[in-house]
Amino acid sequence: MTINVAEVKSAIHAAVAEVQDGQQAVQLANEKLDAAQQNLALAVEGSGAEAVQTAQAALVAARDDLDNCLATTIGAVEQAQTYLASL
């Protein structure tokens, strides 16, 4: 089965839209993590407990992972758009 250029472009546009939806979800998740981190910090202010420090570090790591995910998807969208422009 052969597909034409218009179908390829349409499929790429659909994929990019799905990635952009995912990016919005990642941004929302980042906001939620920020809020959780602030709430945790307020709740345990002054605590030197190792478990608290571990929890805070895990939230920072999760935020970093989501930032990396977002950056990677931005690159993917840019490459897809570059390919689209070449069609």
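Things to note:
Matching residues to (1) within 22 Å of Ala29 (Cα to Cα); (2) surrounded by 12 or more Cβ atoms within 10 Å (Cβ to Cβ):
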residue	(1), (2)
Leu42	yes, no
Glu45	no, no
Gly48	no, no
Val52	yes, yes
Gln56	yes, yes
Ala62	yes, yes
Leu66	yes, yes
Ala80	no, yes
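- Hits in segment 1-40 (condition: over 30 Å from Asp64 (Cβ atoms), polar (S, T, N, Q) and either under 12 Å from the mean Cα position of the chain (by Cα) or outside any loop (DSSP other than H, G, I, E, B) (or both)): Ser10
- Qualifying residue in segment 52-69 (condition: touching a residue at least 40 places away in the same chain (Cβ under 8 Å), out of contact with any Lys or Arg (no Cβ under 6 Å at 6 or more places or on another chain), of a type in the set (A, V, I, L, M) and more than 30 Å from Ala6 (Cα to Cα)): yes
Read-outs: derived from the displayed coordinates by stated rules, not from any lab. Bear in mind the structure is a predicted one, so any value in this text is a computation, not a measurement. Backbone-built Cβ (ideal geometry, glycine too); neighbour counts: all protein chains shown.
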